[in-house]
Amino acid sequence: MLFRRQDISPTARRGAEWIDLLVDGETVRVSVRRHPTARRLTLRVRTVSRDVTLTAPPHVPLAAANAFVQRHLDW
């Protein structure tokens with residue numbers, strides 16, 4: 001029996017996660033990326049592309065990720 005590799009990423013299977021923030025009257029979407037080897041929460045803000053990404057370990061609840069983003073809102 002042959003096994004085929006699935007072309008669906010784990011994120012796509014689980015469903016995309018994001019956090020919407022209101023910053024200076026503008027809604028900013030923070031995409032939450034789960035990484036299996038991540039050990040801490042990492043927030044990346046790219047000013048050129050206006051992209052915000054939070055990398056989190058798989059075991060961290062979305063509520064904890066949201067609290068982390070709220071604490072670092074001034075970034």
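Fully extending the segment from Gln70 to Val23, taken as 0.36 nm per residue of separation minus the present Cα-Cα distance, adds 15.9 nm.
Between His35, Ala63, Val23, the Cα set farthest toward the positive side of the dipole of segment 23-75 (charges on each charged residue's Cβ, about the Cα centre) is that of His35.
Counting only DSSP beta bridges with both residues in segment 15-71, the antiparallel share comes to about 70 percent. With a simple spin-label model that places each label point 7 Å from the Cα along the Cα-to-Cβ direction, the separation between Leu62 and Arg44 comes to 2.2 nm. For segment 15-71, the ratio of Cα radius of gyration to the globular rule of thumb 2.2 N^0.38 Å stands at 1.10. Summary value for segment 19-75: 29 percent relative contact order, contacts being C-alpha pairs under 8 angstrom separated by 6+ residues.
Rule-based calculations on the coordinates, nothing more; no lab input. Just so we're clear, the structure is a prediction, and the values are computed from it rather than from any experiment. A quick note on method: Cβ atoms are made from the backbone with ideal geometry, for glycine too, and the neighbour counts reach across all protein chains shown.
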